[in-house]
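*Asks:* Here you go, one structure.
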Amino acid sequence: LGCAFASAQQSFVQTITVRGAVTINEVAITAAMQTKVGSVVNNTQLRTDEMRVMDLGYFSAVQILVRQVSDTGAELVVEVAENPVIREISFRGNTVVTTESLTAAVTQIQELGKIYNNRYQSRILEAVEDLYAEKGYLVGIDRLQPDPESRGTLLVSIIEPRVNEIRLIGLRRTNEKI
């Protein structure tokens, strides 16, 4: 998140312009903000508004800029970078649970053809962990994010722990080979 604010004493918001929104409606973005047309420009509130828009989950970046249009009037420019629309899900590192089972579980949360929402991450993690737990495994997720190399792909990189060696220490009466 970044802020770039003009120094404005008692400037009032005359207009709010949203840039970068393709899939997400401007109304949804401005509805998340507490600052409205007619509000006094308040830098602290604008930072909070950036976080509120980011918390919608649909954006990788949000920045609110203030442009003075008159002595007492300002335009807010809300610049957003939308997450991609997810067209496929790619799993890496899974051997215990099938890709088909993982895809079925994840697409119940993050639908294909819809914009990726960061707020779904914990639910996706839980769904993957549950599938592994049903088979008696603990699992780690190394990466859960849109793939930067393949736009429209949600990348889920799984770490399946492996036991390399079991060593028994302190045996006195029991044979180690039992």
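*Asks:* Name the residues in region 39-54 that are outside any helix (DSSP H, G or I) and open to solvent by less than 50 Å² (accessible area, probe 1.4 Å), would you?
*Replies:* If the condition is that a residue be outside any helix (DSSP H, G or I) and open to solvent by less than 50 Å² (accessible area, probe 1.4 Å), then Ser39, Val41 are the ones that fit.
Yes or no, residue by residue, for (1) within 30 Å of Leu56 (Cβ to Cβ); (2) among the polar types (S, T, N, Q):
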residue: Leu112; (1), (2): yes, no
residue: Asn118; (1), (2): yes, yes
residue: Arg143; (1), (2): yes, no
residue: Glu149; (1), (2): yes, no
residue: Leu155; (1), (2): yes, no
residue: Pro161; (1), (2): no, no
residue: Ile169; (1), (2): no, no
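*Asks:* Out of Leu144, Leu138, Leu168, I need the residue that is surrounded by 12 or more Cβ atoms within 10 Å (Cβ to Cβ) and either of a type outside the set (Val, Ile, Thr) or assigned to a strand (DSSP E or B) (or both). Which one?
*Replies:* That would be Leu144, the only listed residue that is surrounded by 12 or more Cβ atoms within 10 Å (Cβ to Cβ) and either of a type outside the set (Val, Ile, Thr) or assigned to a strand (DSSP E or B) (or both).
*Asks:* Within region 112-122, track down each residue that is free of Cβ contacts under 8 Å to residues at least 24 places away in the same chain and surrounded by 13 or more Cβ atoms within 10 Å (Cβ to Cβ). Before you say what the answer is, go through the steps one by one.
*Replies:* Here is the first cut: in region 112-122, the residues free of Cβ contacts under 8 Å to residues at least 24 places away in the same chain are 121-122.
Answer for region 112-122, where residues must be free of Cβ contacts under 8 Å to residues at least 24 places away in the same chain and surrounded by 13 or more Cβ atoms within 10 Å (Cβ to Cβ): just Gln121.
*Asks:* Out of all the residues in region 93-121, which are within 21 Å of Pro161 (Cα to Cα) and among the acidic types (Asp, Glu)?
*Replies:* Within region 93-121, just Glu100 meets the criteria.
*Asks:* Right, something else. Regarding Gly73, is this residue small (Gly, Ala, Ser) and exposed (fewer than 13 other Cβ atoms within 10 Å of the Cβ)? First the steps, then the outcome.
*Replies:* Working: small (Gly, Ala, Ser): yes; exposed (fewer than 13 other Cβ atoms within 10 Å of the Cβ): no.
It is false that Gly73 is small (Gly, Ala, Ser) and exposed (fewer than 13 other Cβ atoms within 10 Å of the Cβ).
*Asks:* Out of region 16-33, which residues are among the β-branched types (Val, Ile, Thr) and in contact with a Leu (Cβ under 6 Å, 6 or more places away or on another chain)? Working first, answer last.
*Replies:* Of the residues in region 16-33, the ones among the β-branched types (Val, Ile, Thr) are 16-18, 22-24, 27, 29-30.
Selection gives Ile16 alone.
*Asks:* Hey, among Glu26, Glu82, which residue is surrounded by fewer than 19 Cβ atoms within 10 Å (Cβ to Cβ), of a type in the set (Asp, Glu) and within 17 Å of the chain's Cα centre (by Cα)?
*Replies:* Glu82
*Asks:* Arg151 versus (1) surrounded by fewer than 18 Cβ atoms within 10 Å (Cβ to Cβ); (2) over 17 Å from the mean Cα position of the chain (by Cα); (3) not hydrophobic (A, V, I, L, M, F, W, C): which is the lone unmet condition?
*Replies:* (2)
*Asks:* For region 87-110: of the residues being among the hydrophobic types (A, V, I, L, M, F, W, C) and within 22 Å of the chain's Cα centre (by Cα), which is most open to solvent (accessible area, probe 1.4 Å)?
*Replies:* We begin by selecting, within region 87-110, every residue among the hydrophobic types (A, V, I, L, M, F, W, C); these are 89, 91, 96-97, 102, 104-106, 109.
In the following step, the residues that additionally are within 22 Å of the chain's Cα centre (by Cα) were identified as 89, 91, 102, 104-106, 109.
Details: Ile89: 23, Phe91: 24, Leu102: 1, Ala104: 54, Ala105: 22, Val106: 0, Ile109: 25 Å².
That would be Ala104.
*Asks:* Name the residues in region 71-122 that are hydrophobic (A, V, I, L, M, F, W, C), under 16 Å from Asp147 (Cβ atoms), touching an Asp or Glu at 6+ places or on another chain (Cβ under 9 Å) and outside any loop (DSSP other than H, G, I, E, B), would you?
*Replies:* Ile86, Ile115
*Asks:* List the residue pairs whose Cβ atoms are under 7 Å apart, where the first residue sits in region 86-110 and is free of Cβ contacts under 8 Å to residues at least 24 places away in the same chain, the second is of a type in the set (Lys, Arg), and the two are 6 or more positions apart or on different chains.
*Replies:* Listed pairs, sorted by first residue: Ile109/Arg123.
The values are calculated or read from the model by the stated rules, or taken from the named source; none is laboratory data. Small disclaimer: the values here were computed from a predicted structure and weren't measured. Using ideal geometry, Cβ is built from the backbone for each residue, glycine included, and neighbour counts are taken over all protein chains shown. Ligands, DNA and RNA are stripped out before the accessible areas are found, and what is left, the full protein with its side chains, is counted by its heavy atoms. Shrake-Rupley method; radii C 1.70, N 1.55, O 1.52, S 1.80 Å.
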